[in-house]
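*Asks:* Dropping a structure here in structure tokens format, bear with me for questions.
The values are calculated or read from the model by the stated rules, or taken from the named source; none is laboratory data. Bear in mind the structure is a predicted one, so any value in this text is a computation, not a measurement. As a convention, Cβ positions derive from the backbone with ideal geometry for all residues, glycine included, and neighbour counts pool all protein chains shown.
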Amino acid sequence: MIEPNGRTALITGASRGLGLALAQELARQGWRLLIDGRDAEALQQAAAELSQWTDVAAIAGDVADAAHRRALAQAANAAGGLHAVVNNAGTLGAAPLPALLDYPLSELLDVYLVNVVAQLGVLQAVRSALQPGAVLINVSSDAGVEAYEGWGGYGSSKAALEHLSSVLAVENPNWRVYWVDPGDMRTQMHQDAFPGEDISDRPLPEASVPGLLALLEGHLPSGRYQARAVPVGADA
């Protein structure tokens, strides 16, 4: 067990991919962790690994479920509060990626529920547990600012998340609010977007972690950042 640094972070979608990679690094830095994920078995495996470095509370569930968000809030308060929230959980939506005119509207509603509404719902649920000067990171995508064929559902949800984040930052100047594009990554979600294609040339999620860590531990102003372009250093 690593000496704790007195800080606690909630990371959603932490059973795999970027969420797990960030959780691993924060655990090595002495952060206590509250993690969630929809796959209960994968989440418990992640918690077992992380517990070699730090204290971990793992709560399986879907961030789109209000009861699950309440459970996260209860755990956050029981842990003595949160110094950071990383809204990493999300959904790709319909796959293979359809054109907007062919997009099933019921699936589009689900994309917005998970990628926009539930992200705010998590923050509303844990608001009372947030410590002064808390850091909030909403994981976005370049698809939220660039028009890519087939990415209209996912991309527009991330565009909405980015604007929501910018308003949140204006309304809460006592927090540092970041909306962060992690870049292309070799993850299951990316593979689902390109079924049958070889994505081995994409960087692993670990490549985006130093930038996220710099935002969590540094002093950069609220705003939009690309994770791999964030200056890394003690005063970043």
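*Asks:* Looking only at region 120-129, how many residues end up being without any contact (Cβ under 8 Å) to a residue 12 or more places away in the chain and hydrophobic (A, V, I, L, M, F, W, C)?
*Replies:* The qualifying residues number 0.
*Asks:* Of everything in region 96-112, what is buried (at least 17 other Cβ atoms within 10 Å of the Cβ) and among the hydrophobic types (A, V, I, L, M, F, W, C)? Give them in sequence order.
*Replies:* L97, L108, V111
*Asks:* I would also like to ask the following. Assess whether G19 counts as being on the phi > 0 side of the Ramachandran plot and not acidic (D, E).
*Replies:* Against the criterion (on the phi > 0 side of the Ramachandran plot and not acidic (D, E)), G19 does not qualify.
*Asks:* Determine, yes or no, whether A118 is crowded, with 20+ Cβ neighbours inside 10 Å and either of a type in the set (G, A, S) or on the phi > 0 side of the Ramachandran plot (or both).
*Replies:* So A118 passes the test.
*Asks:* Anything in region 76-130 that is in contact with a strand residue (DSSP E or B) (Cβ under 6 Å, 6 or more places away or on another chain) and either modelled with pLDDT under 95 or more than 27 Å from S166 (Cα to Cα) (or both)? List them, or say none.
*Replies:* Matches in region 76-130: A79 only.
*Asks:* Checking the condition surrounded by fewer than 17 Cβ atoms within 10 Å (Cβ to Cβ), within 15 Å of the chain's Cα centre (by Cα) and among the acidic types (D, E), which residue from E146, E171, E206 passes?
*Replies:* E206
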